[in-house]
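So the structure is just underneath, and the comments pick up after that.
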Amino acid sequence: MERRTIGAGALAVGAVGLGCMPMSWAYNASRRRGEESLRAVHRALDLGTTLLDTADMYGPFTNELLLGRVLKERRGDAFVSTKVGLLVGEQHIVANGRPGYVRRACDASLRRLQTDVIDLYQLHRADPEVPVEETWGAMAELVRAGKVRALGLCAVGARGRRRSDAGLHDGTLRQLRRVQQVFPVAAVQAELSVWSPEALDGLLPWCEARGVGFLAAMPLGNGFLTGTLTPGEGFEPDDLRARHPRFTAEMMAANQPIVAGLRRIARRHGEDVTPGQVALAWVLAQGRHVVAVPGTKRDRWAAQNASAAALTLTSQDLTEISRLPTAQGSWD
């Protein structure tokens, strides 16, 4: 499998990582099965996927505990990425970037993950009441203490925009410029997919120019680009897609031409190639510093996603994808 590096001095990881969030957060609770998720992680590692991406808020905490069961046996096979900065209540999520909290949260993550070092520690969201330099400085102390190997920043997203004319990632770029003065940024995580390509404008070039790794979150469009979701089928109330305009029956039907285009390209590459694999290959084609991080909780999908790293799209394929219709429906 092709290897890509996250940040100078950080460990090399496979081109496709494993997003572990769906195993215990944000998607259908009735379909979460711990043993099945464990099999998915083991299968991914067996196939050469090394990046395991989680966060303390997923669950909360249960996602790290699940990965800890795998890492206890296979720490040497994995590049472990987790996040800090968000606290989950019953009906709300709040940011906490206080240095003391960051130090305590890191120690707790290390215990749950059953490891003595985190390869990539990411700031999930900056605390509006704490200067981001202070939070980042506390994270840098963890590197110097040997508890963390490298630091990453998650994109603010559309809700971080304060002006209607602001670029989607202007807020993230401002944060990056500030924290980079304190300690080097090894990686940035942000959404990037065929139907959400906004990171190509500004954020991805910033990373590429500085040798900063880019973790492409939601590269399968929360499952839509796999072609396995049926418009009108509905989602369980706890599923994040139940509240997103892009996943109404009307918008899912309107965006089917995107999936049809990916399926057409997949057929050219072989009977077993899927639209989702084409979508992942497109993400990887955006630069050698890009690592796709699709989420899954099933070993079948983990294997399918991992094999997408071997799919090379032609110039014709890339041109066709660039001409696919723009996704309808606001994502935020």
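Quick notes on this structure:
- Yes/no for ALA279 being open to solvent by less than 30 Å² (accessible area, probe 1.4 Å) and under 30 Å from ARG3 (Cβ atoms): yes
Each row is one residue, and each column tells you yes or no for (1) touching an Asp or Glu at 6+ places or on another chain (Cβ under 7 Å); (2) surrounded by 19 or more Cβ atoms within 10 Å (Cβ to Cβ); (3) aliphatic (A, V, I, L, M); (4) touching a residue at least 60 places away in the same chain (Cβ under 8 Å).
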{"residue": "ARG178", "(1), (2), (3), (4)": "yes, no, no, no"}
{"residue": "VAL185", "(1), (2), (3), (4)": "no, yes, yes, yes"}
{"residue": "LEU204", "(1), (2), (3), (4)": "no, yes, yes, yes"}
{"residue": "ALA209", "(1), (2), (3), (4)": "no, no, yes, no"}
{"residue": "PHE224", "(1), (2), (3), (4)": "no, yes, no, no"}
{"residue": "THR230", "(1), (2), (3), (4)": "no, no, no, no"}
{"residue": "PRO237", "(1), (2), (3), (4)": "no, no, no, no"}
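- Qualifying residue in segment 283-295 (condition: modelled with pLDDT of 95 or more, open to solvent by less than 50 Å² (accessible area, probe 1.4 Å) and assigned to a helix (DSSP H, G or I)): yes
- Only one of the numbered conditions (1) under 28 Å from GLY234 (Cβ atoms); (2) more than 19 Å from the chain's Cα centre (by Cα) is violated by CYS20, and that is (2).
- For segment 239-265, filtered to residues that are over 21 Å from the mean Cα position of the chain (by Cα), open to solvent by 30 Å² or more (accessible area, probe 1.4 Å) and of a type in the set (A, V, I, L, M, F, W, C), the residue that is modelled with the highest pLDDT is ALA260.
- Test result for LEU220, in contact with a Leu (Cβ under 8 Å, 6 or more places away or on another chain) and crowded, with 17+ Cβ neighbours inside 10 Å: yes
- Residue check, VAL130 open to solvent by 10 Å² or more (accessible area, probe 1.4 Å) and either among the β-branched types (Val, Ile, Thr) or in contact (Cβ under 8 Å) with a residue 60 or more places away in the chain (or both): yes
- Hey, PHE214 surrounded by 20 or more Cβ atoms within 10 Å (Cβ to Cβ), touching a residue at least 60 places away in the same chain (Cβ under 8 Å) and of a type outside the set (Ser, Thr, Tyr) or not: yes
- Residue within segment 255-271 that is touching a helix residue (DSSP H, G or I) at 6+ places or on another chain (Cβ under 8 Å) and assigned to a loop (DSSP other than H, G, I, E, B) present: yes
The values are calculated or read from the model by the stated rules, or taken from the named source; none is laboratory data. Being a predicted model, the structure only gives us computed values, none of them experimental. A quick note on method: Cβ atoms are made from the backbone with ideal geometry, for glycine too, and the neighbour counts reach across all protein chains shown. What goes into the accessible areas is simple: the full protein's heavy atoms, side chains included, and nothing from ligands, DNA or RNA. Shrake-Rupley method; radii C 1.70, N 1.55, O 1.52, S 1.80 Å.
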